[in-house]
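Input: a single structure, listed below in structure tokens.
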Amino acid sequence: MDIRRLYPGDSASLQQIRALLARQGLTLDNNLEYTMGLWEGERLLATGSFYRNTLRCLAVDEDYQGEGLMAMVVTHLVSELFQRGRRELFMYTKQDMAPRFEGLGFYPVAVTPQVALLSNRREGFAQYLAGLQQTTRDTGYQHSLPKADADAAPAGRSPSANSQVGAIVMNANPFTLGHRWLVEQAACRCQVLHLFMVSEDVSAFPRAVRERLIREGTVDLHNVLCHPTGPYLVSSATFPAYFLPEGEALTLAQARIDAAVFVRIAQALHITDRFVGEEPLSPATALYNRAMGEVLPDAGIRLHVLPRTTGEGTEPISASRVRALLAEGNMEAVCPLVPSTTFAFLQSEEGQDIAAALRKV
């Protein structure tokens, strides 16, 4: 048997890979960093791919299943990822295939009726949840419950409606008055609001900057707790289509996985309400909101889709609009769209460097 890496120009081999995946009810993702095939002569026996730290598009020819070929594929991909310095790995697979991968060192993080997300760190997600709980305790919120409610509530039960616990997930690339308005609207309806800041570092504004601007822009809202998402929400593992275009079916499947991950986080923090903004401009985010509407109610979590604010103008305030104005060098038009803390950063040397990079795109 021969293991070969496939490149975009190898159309004949890629056609065989697409055919093998199709026979297993799968498709080849649009955005992949590495694809390999396991061959016997000219016959393709198995295939696998990865993007960043996530294995995907895994399949074995039906005539060769049960012969250990999937283990060979996974071992090869993991070795390649380790050589690239990536140690915390994830895997997408069909829901009914998930148990077979535990013997290969991958364990469930979230499962939907169609797809499962697995991780090679058995306790990784549990440790992340424990960290969220510890942060919440350290702020005095007792797992997001007032002490009386926490003492009275049976183990595993969500808080009552009069002690709403909310959540928002935002990338904030950069943090705008639209983001601020959404946080304000959610915070005023909740006893405590958990604000999850996207950790994936592939945006125009680096992770450290985005987190800083979110914290500075919400510092006066004393019931808002900020948390990093790590690799578990809106990441290249859970929802890569947020960052790269994919077909609608794949984007929706990824969004459902991300929603399932959020349900586990919500259970750990007794979150009762999720707040999202309307998204008329981004198809991926619109599908994300749709997935939330499908998944969260079944877990007893209320979803609130809030309209975008226009501020004093007629066009909704969005980070994409701010980035476009920065690319044009129109700081005067940016000023009324962002908090003073964000505007101060944009005027700094670091902010000007980001604006210069946007102009080159």
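The values are calculated or read from the model by the stated rules, or taken from the named source; none is laboratory data. Quick caveat: nothing in here was measured; it's all calculated off a predicted structure. All Cβ positions, even for glycine, are placed from backbone atoms using ideal geometry, and neighbour counts span all protein chains on display.
Can you name every one of the helices (runs of 4 or more DSSP H) wholly within segment 306-359 that holds 1 or more residues which are closer than 25 Å to I168 by Cα and more than 28 Å from the chain's Cα centre (by Cα)?
340-347
Which of the following residues is among the aliphatic types (A, V, I, L, M), touching a residue at least 60 places away in the same chain (Cβ under 8 Å) and buried (at least 20 other Cβ atoms within 10 Å of the Cβ): V60, V109, V73?
Matching residue, one of V60, V109, V73: V109.
Given the options P297, P316, name the one that is at negative phi and loosely packed, with under 14 Cβ neighbours inside 10 Å.
Numbers: P316 fails: loosely packed, with under 14 Cβ neighbours inside 10 Å.
Result of the check over P297, P316: P297.
Within segment 237-282, take every residue that is among the aromatic types (F, W, Y), modelled with pLDDT under 90 and crowded, with 22+ Cβ neighbours inside 10 Å and give me the one that is nearest to A110 (Cα to Cα).
Only one residue tops the list, namely F239.
Could you please find all residues in segment 279-305 being over 18 Å from the mean Cα position of the chain (by Cα) and either among the aliphatic types (A, V, I, L, M) or in a loop (DSSP other than H, G, I, E, B) (or both)?
Just the residues of segment 279-305 that are over 18 Å from the mean Cα position of the chain (by Cα), to begin with: 280-281, 297-302, 304-305.
Correct list: P280, L281, A299, G300, I301, V305.
Is there any pair with a first residue in segment 23-51 that is more than 19 Å from L81 (Cα to Cα) and a second that is polar (S, T, N, Q) whose Cβ atoms are under 6 Å apart and which are 6 or more apart or on different chains, and what are they?
L44/Q16
With segment 1-55 as the region, which strands (runs of 3 or more DSSP E) entirely inside it contain at least 1 residues that are in the same structural domain as E80 (by TED's automatic domain parsing), buried (at least 18 other Cβ atoms within 10 Å of the Cβ) and in contact with a Cys (Cβ under 9 Å, 6 or more places away or on another chain)?
34-40, 43-51
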